[in-house]
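The values are calculated or read from the model by the stated rules, or taken from the named source; none is laboratory data. The model shown is predicted, which means the values in this text are computed figures rather than measured ones. No Cβ is skipped: glycine too gets one built from the backbone with ideal geometry, and neighbour counts run over all protein chains shown.
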Amino acid sequence: MPRPGPEPVQVVKQRRDAALKALVDGVPYIAFLGVEFDRRGDELTALMRYDEKLIGNPLLPALHGGATAAFLEITAIIGLSWSMLWEEIESGRRDPETLTRGHLPRLPKTIDFTVDYLRSGLPRDAYARAQVNRSGRRYASVHVEAWQDNRARPFAQATGHFLMPRRDGG
């Protein structure tokens, strides 16, 4: 009996995109800030579109520090969660269809989160990427950088430590 052929690339891509959308849509604050995620393979880039409500100092104008910190923390948590899900989806331990049916995994909980404000965030779109430094069964460490026009010139960066959810769904 012949082995079944691999699934078409577009089907796999649509399933991964739907899993990411379900993960992001599970956190309403992400939509409030206007944060979106662009997926290229297993790499995520967060995008916080400019909105007047994000301005903290209208005289400069500059992005509010709290909006910047929230953007970085959201990027870290979703990036960390996606790295766990990616592993589970690719190994076959998790069916991505379950995510779209409302069976979302528990998110990591922040232990501490330190933000370095390197310069003022300008009134324009911002981007961020998370790098998982360590991810174990109980603890994870993540570094995040945010930039606007030039990735080599971040306007903020952060390091966070997270308590990982139990992998058995509990």
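Counting residues that are in contact (Cβ under 8 Å) with a residue 12 or more places away in the chain, which strands (runs of 3 or more DSSP E) fully inside segment 10-83 reach at least 3? Before the answer, list the steps.
Details: elements: 35-40, 43-48, 55-57.
Result: 35-40, 43-48.
If we scan segment 101-113, do we find a residue that is charged (D, E, K, R) and either in contact with a Cys (Cβ under 7 Å, 6 or more places away or on another chain) or at pLDDT 95 or above (or both)?
yes
Right, residue 3: farther than 27 Å from residue 157 by Cα, crowded, with 16+ Cβ neighbours inside 10 Å and either modelled with pLDDT under 80 or in contact with a Gly (Cβ under 6 Å, 6 or more places away or on another chain) (or both) or not?
No, not satisfied.
Taking the conditions exactly as written (over 13 Å from residue 69 (Cα atoms) and touching a Phe, Trp or Tyr at 6+ places or on another chain (Cβ under 8 Å)), does residue 149 satisfy them or not?
no
Mind counting the residues in segment 155-170 that are crowded, with 18+ Cβ neighbours inside 10 Å and not in a strand (DSSP E or B)?
Looking only at that region, the number is 2.
Determine whether residue 77 is among the β-branched types (Val, Ile, Thr), in contact with a Pro (Cβ under 9 Å, 6 or more places away or on another chain) and at pLDDT below 95.
So residue 77 fails the test.
Tally time: how many residues in segment 124-142 are crowded, with 16+ Cβ neighbours inside 10 Å and either of a type in the set (A, V, I, L, M) or in contact with a strand residue (DSSP E or B) (Cβ under 6 Å, 6 or more places away or on another chain) (or both)?
Of the residues in that region, 9 qualify.
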